[in-house]
Amino acid sequence: MSLKWPPKDPDETLDYSVDWSRFLGSDTISSVVWKIEDTDGTYNTLSAPETVNGLTITAVSNTDTVATAQIADGTLNSTYNVVCQITFGASNLIATRTIRLSIREK
């Protein structure tokens, strides 16, 4: 099951976040990796700023419990699969969530 963010206009640059607090319990995020699915189904790990299929991750940040990607651009009437992967601080476990982001004019 994938999560879904509200649609974004291709002219907007917005912060999109994943709140991991209920999943982490008392643990914290030690690192975050963001990926976007390419047209061939390959997930590209991104270093901000970087663009895949017209969608740009311009900046990334995180707190102990929330991972945030600032996202710009995107191809009108497209839907992207964006992946947020975290590593837990104490246990070194890895968790991944896929989020669908639609690009629509507002």
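Values in this text are rule-based calculations from the coordinates and carry no lab data. Note that the structure is predicted; figures quoted are calculated from it, not measured. All Cβ positions, glycine included, derive from the backbone under ideal geometry; neighbour counts span all protein chains shown.
Rounded, prolate or oblate: pick one for segment 57-106, where a ≥ b ≥ c are the square roots of the eigenvalues of its C-alpha gyration tensor, a/c under 1.5 means rounded, and failing that, prolate if a/b is larger than b/c, else oblate. Can you show the working numbers first?
Details: a/c = 3.85, a/b = 2.20, b/c = 1.75.
Here segment 57-106 falls in the prolate category.
Going by C-beta contacts inside 10 Å, put F88, F23 in order with the fewest on the left.
Fewest-to-most Cβ neighbours within 10 Å comes out as F23, F88.
Counting only the backbone N, which residues of segment 1-39 are under 19 Å from the spot 7 Å out from the Cα of T58 toward its beta-carbon?
Flagged as within label range: 6-18, 34-36.
Test of understanding: what is the full-extension gain from R97 to A48, defined as 0.36 nm times their sequence separation minus their Cα-Cα distance? Before the final figure, lay out each step's value.
Working: separation 49, 0.36 × 49 = 17.64 nm, distance 1.89 nm.
Using 0.36 nm per residue and subtracting the Cα-Cα distance, I get 15.8 nm.
Please give the net charge around T68, taking every other residue with its beta carbon less than 12 angstrom from that of T68, where Lys and Arg add +1 and Asp and Glu add -1.
Numbers: positive: none; negative: D15, D19.
Residues close to T68 contribute a combined charge of -2.
If you compute semi-axes √(5λ) of the Cα gyration tensor in Å for the structure shown, which of (i) 20, 18, 13; (ii) 24, 13, 12; (iii) 22, 16, 11 do you land on?
Answer by label: (ii).
Excluding E105 itself, what net charge comes from residues whose Cβ is under 15 Å from its Cβ, given Lys and Arg +1 and Asp and Glu -1? The partial results should precede the final answer.
On the way: positive: K8, R104, K106; negative: D9, D11, E12, D73.
Net charge in that neighbourhood comes out at -1.
Using the charge dipole of segment 3-102 (Lys, Arg: +1 at Cβ; Asp, Glu: -1 at Cβ; taken about the Cα centre), state which of G54, T65, N44 has its Cα farthest towards the positive end.
Checked the options; the winner is T65.
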